[in-house]
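Report on the following structure.
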Amino acid sequence: MIRPNTGKNARMSFKKHAPLWAASAAWMALLLTLLTLTLRANDGKLIYALDDAYIHMAMAKNFAQHGVWGVTAAGFTSSSSSPGWTLLLALFGAQDGLPLALNALAGWGLLALVYAYFRQHSARRIFALLLALLLLTPLPFLAFTGMEHTLHTLVIAALCLSVLGERSLWWSALLAAAALALRYESAFVIAPLCALLAWRGRGKQALALGGAALLPVALYALVSLSQGWYAVPNALLIKSAGALYVEGDALNYWLYRVFVNLGQQPHLLLLALAALFLLRVASARPLLLVFLAALLLHVRLAGAGVHFRYEAYLVALGLIALYAAAVQARIETRRPLIMALLALALLYGALPLARRAWESLLAVVPATQNIYLQQVQMGLFLRQYYTGAAVAANDIGAIAYLAQIDLIDVIGLANMEIARARENGTYTPERIAEIAAPAEIAIVYDSWLRQGVPPGWRAVGAWRVDMPVIVLGDATITFYAVSPLAEARLAAFLADFSPRLPEHVAESGAYTALLPLARALAVLPPPFALRAGDTTQGVAASVDALIDFVPENAAQTLLVVGETPDALPGFALYSRAALSAETLAIFLRTPPQTPLDVAFGADIRLRALDVRGAQVSGDGTYLLAACERLIVTSWWQTAHAPDSAYSLTVNLFGAGLLFSDQPPPLATPTWQAGTLYADVRTLDVGCAAGDYTLALGLHDAAGTFLAVNGADFYAAAQIRVTAP
């Protein structure tokens, strides 16, 4: 029995399809490299480079889990500019990594499609084309946007090659429907394809293709209108506002806008000029004409040049058309001068595309960082503190995906009242305030509120991304309290969340006055949490306003109230067990440096220590100049109120006792269980240089010390007094 030589067959198969395998390897290598870099830049989290990706993901999640086509589960919103992409995500369960996986498959599908169509050409030429498609489209950046553009590019290329190659009408019709469901800009390609079919005397096929393309659009329009929304997604209306506006001579105005837009996008202009130059190649003329017609319609009616994505399908289609025409021109003519001019034109046209490709690769990681530092942090903040609450915002993707909130979109992608206000000219700060009145807070770009901040909104703080802005609407987002009662909570929550912010987020605003206290409480052992209040009306009013917000099951939660709304020179600590003026324990003016949990006897514990007036060396020793003064603050807590009044003694021990401080006994019998109490004292250590141990001890009136680690004193720190 003769066995097949599978190794040889595999090698022959690889060699036969070497351009595809090489391009596929390059595609996967780029994706894995960029994925590794983005994970490293974003604390190990997969982050997409556009907030719009999270709009699709939020809608897909709600549709898959709740059967609701909306950015929240509350109801229908026509917020997806790509209903087909959103539906596809929903069918697969809307997982975090799904958009990237689908983009990876779609990118490989585009390479495989083009390879299959041109596989009879030389390996070097087809590999060059595949590499150009990979880098110049540019597929890597598109993949990390988490959007539909890679799949849309694949479907558009398949549609054009199917129609012009006179493949199955049913297959072409299905591709046309899929293309328009993915991007409404597909009409710019489908319309010239239908016109070309009609010109060739295939009117029925043209009608069938156009009808199939319009079917998903019509179905979506019926559903959207039945829900009280527009026939097309709000994103299309808002982003294309003014695109059809014509002033004066319509023809001249349209031509003027086409040339202006092309002049601003040199990569598209040079693709168009190269296509015009190659129109003399008869066999490639249909594809070139479709590309040129689609290009002119797109630059007049849609956007280009924003994050490389809107014109991606045109770049890929142009590269395919130009490649086919250039190869055919080489076959049809042997004139050296014409070939030299053709090569020069194509090379010159590739320069802006090459620069664009390089910029897109460099933009992937910082673009994902932008989203992680801003939108993702907004979503995590809302998920932590405002689940189920009404929140107004004007960039809605990540916050809708990550947090379960009642979203009020003040731009209008997910709110018809705002959309209609923009349509009828009543989009004013007063109208925004009226629509957003149910919200507790608003998180917005101030630069997007060109008419002004709505009346009654009070700025509590702002986050600014401290890195180059690649994809953000603005580097700074501002947090507003829409309701006066929400201001205290918002300030407290922002302060509490502050330690979790990445290092490249700069904080500002009124709430930052709470940050020293937030840091002080952060070093204490759990189960402590921060709650804070605006005390414009005094401590008592703040306690009354905030008592409802303290968790019922958190017996040891601290209620923290600032003494003044601005400077906040001190903070009053209350336990939940007794929220009254009598429970005022101490004012914390500085955060503790050292968290502790040291038991003195059975009930009393040392929870934190702060040593000031000395520098800390590398081994943790405090360095103090001779004749200087130490300030020692210690925080104490008791599980049960002690029966006796204990005295705290703070000593410096060396070869002998250098210093001992023992003020009147502490009022320990009045201490509340779970409440923190602070002791602050000044130590004049004298001028004797040497190494000393800072030791703390508690004793009763009879002089009996509470045992700490089997001894009378706790060695809290090492002090080195240097010679004068």
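The values are calculated or read from the model by the stated rules, or taken from the named source; none is laboratory data. A quick note: this is a predicted structure, and the numbers were derived from the prediction, not measured. Cβ sites come from the backbone with ideal geometry, for glycine too, and all protein chains shown count toward neighbours.
Worth a mention:
- Of all the residues in the range 474-498, those that are more than 20 Å from Thr387 (Cβ to Cβ) and either touching a Lys or Arg at 6+ places or on another chain (Cβ under 7 Å) or surrounded by 17 or more Cβ atoms within 10 Å (Cβ to Cβ) (or both) number 4.
- Residue within the range 64-73 that is within 21 Å of the chain's Cα centre (by Cα), at pLDDT below 95 and surrounded by fewer than 19 Cβ atoms within 10 Å (Cβ to Cβ) present: yes
- Filtered residues of the range 110-139 (kept if crowded, with 24+ Cβ neighbours inside 10 Å and either without any contact (Cβ under 8 Å) to a residue 24 or more places away in the chain or under 22 Å from the mean Cα position of the chain (by Cα) (or both)): Pro138, Leu139
- Test for Gly305: is it at pLDDT below 75 and not in a helix (DSSP H, G or I): yes
- Residue within the range 704-715 that is surrounded by fewer than 16 Cβ atoms within 10 Å (Cβ to Cβ) and more than 16 Å from Phe600 (Cα to Cα) present: no
- Criterion (of a type in the set (D, E, K, R) and under 18 Å from Leu609 (Cβ atoms)) met by exactly one of Asp684, Asp661: Asp661
Residues are listed down the side, and each one gets a yes or a no for (1) modelled with pLDDT of 95 or more; (2) hydrophobic (A, V, I, L, M, F, W, C); (3) touching a Ser or Thr at 6+ places or on another chain (Cβ under 7 Å):
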| residue | (1), (2), (3) |
| --- | --- |
| Ala53 | yes, yes, yes |
| Met59 | yes, yes, yes |
| Ser78 | no, no, yes |
| Gln95 | no, no, no |
| Leu98 | yes, yes, no |
| Gly107 | yes, no, yes |
| Ser122 | no, no, no |
| Phe141 | yes, yes, yes |
| Phe144 | yes, yes, yes |
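- Condition met for Leu279 (farther than 16 Å from Leu180 by Cα, modelled with pLDDT of 90 or more and either out of contact with any strand residue (DSSP E or B) (no Cβ under 8 Å at 6 or more places or on another chain) or aromatic (Phe, Trp, Tyr) (or both)): no
- Residue within the range 561-575 that is of a type outside the set (A, V, I, L, M), under 30 Å from Thr704 (Cα atoms) and at pLDDT 80 or above present: no
- Hits in the range 266-311 (condition: of a type in the set (D, E, K, R) and in contact with a His (Cβ under 8 Å, 6 or more places away or on another chain)): Arg309, Glu311
- Members of the range 667-703 found to be surrounded by 19 or more Cβ atoms within 10 Å (Cβ to Cβ), over 17 Å from Leu630 (Cβ atoms) and among the hydrophobic types (A, V, I, L, M, F, W, C), listed by number: Trp671, Leu676, Leu698
- Within the range 49-78, the set of residues being of a type in the set (Ser, Thr, Tyr) and closer than 24 Å to Leu373 by Cα comprises Tyr54, Thr72.
- Taking the criterion of being buried (at least 23 other Cβ atoms within 10 Å of the Cβ) and part of a loop (DSSP other than H, G, I, E, B), the only residue of the range 170-212 that qualifies is Arg183.
- For the range 620-643, the condition of being exposed (fewer than 15 other Cβ atoms within 10 Å of the Cβ), at positive phi and in contact with a Cys (Cβ under 7 Å, 6 or more places away or on another chain) holds for at least one residue.
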